[in-house]
Amino acid sequence: MKVSKTLVLKIVIVLAITFAFSFFFFLYGPWVNLLTFVIRQKAERSRVQLLCKTNHQDLLKACRKLSKQVEAGHLSPGDYGIRDGRLSREISSFPKQILNLRPNCVYIDKDGRVVLTFAYGRLGRFGVQAYPKDYKNYKESIIKFTYGGRRELIPGLWYYDDSYVDNPEYDKRIEALLQKRK
């Protein structure tokens with residue numbers, strides 16, 4: 001009987017050590033760098049799509065269309081998850097200019113502001129904030145906006161990016177991307 005108890009104890013210890021080692025390897029293994037690279041590339045493709053390949057005037061019109069739907073009571077203000085794959089009836093009625101960008105979330109405020117967010121974990125968050133045509137608290141909203149640095153793309157449509165916080169020279173990179181669209 002003693003032999004079987006010690007054998008079971010040894011097996012449990014070996015399994016615990018193996019589990020701990022595999023957990024450590026999972027968190028800090030070399031494949032994490034590969035995964036980070038892949039996510040960074042996805043984020044960059046989304047950023048290029050948003051800044052270089054999207055017609056900002058059409059995007060602003062699409063966002064304002066959502067604002068009008070909220071104002072008319074056809075759509076509730078709040079968060080709408082796009083990238084999670086579950087398109088509700090409300091989301092499927094969103095303009096194609098927004099759906100084609102595949103943001104993580106579309107937030108529609110009751111005051112008419114629309115925020116498209118692209119989130120990539122610790123690799124950053126960016127997107128656009130669109131204002132209705134006759135938005136009254138425009139200056140106050142820009143000051144209170146907390147998602148990192150901001151840059152006006154066209155009147156009423158602002159780009160924001162967390163990377164502005166960490167890199168004061170980041171605007172040069174965004175300017176270079178915007179020059180590609182011209």
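None of the figures in this text is laboratory data; all of them are computed from the coordinates on show. All figures in this text were calculated on a predicted structure; none of them were measured in a lab. Please note: Cβ atoms are built from the backbone with ideal geometry, for glycine as well, and neighbour counts cover all protein chains shown.
What the Cβ-Cβ distance of Cys52 and Asn167 gives, at R0 = 30 Å and to the nearest 0.05, is a FRET efficiency of 0.95. For Lys68, a cut-off of 13 angstrom between C-alpha atoms picks up these aspartates and glutamates, skipping any fewer than 8 places away in its own chain: Asp109, Asp111, Asp134.
From least to most packed, judged by other beta carbons within 10 angstrom and beginning with the fewest, Cys63, Cys105 follow the order Cys105, Cys63. Full extension of the segment from Lys10 to Asn100, taken as 0.36 nm per residue of separation minus the current Cα-Cα distance, would add 26.8 nm. Maximal additional length on extending the Ser76-Arg45 stretch stands at 8.1 nm, based on 0.36 nm per residue less the C-alpha distance. Taking other Cβ atoms within 10 Å as a rough exposure proxy, Ile91, Ile108, Ile154 sort from fewest to most as Ile154, Ile91, Ile108.
So if R0 is 41 Å, what FRET efficiency would Leu35 and Asp134 give, r being the distance between their Cβ atoms, rounded to the nearest 0.05? That pair, Leu35 with Asp134, gives E of 0.35.
Sorting the segments 121-133, 46-58 by their residues' average number of neighbouring beta-carbon atoms within 10 angstrom, most packed first, yields 121-133, 46-58. Pairs exceeding a 26 Å alpha-carbon distance, out of Lys96/Lys180; Lys42/Lys180; Lys133/Lys180; Lys53/Lys172; Lys42/Lys65; Lys53/Lys96: Lys133/Lys180; Lys42/Lys65. Compute the FRET efficiency between Leu178 and Ala119 as 1/(1 + (r/R0)^6), taking r as their Cβ-Cβ distance and R0 = 25 Å, and round to the nearest 0.05. Calculated value: 0.70.
When the alpha carbon gyration tensor of region 53-115 is reduced to an equivalent ellipsoid, the three semi-axes, largest first, read 16, 15, 10 Å.
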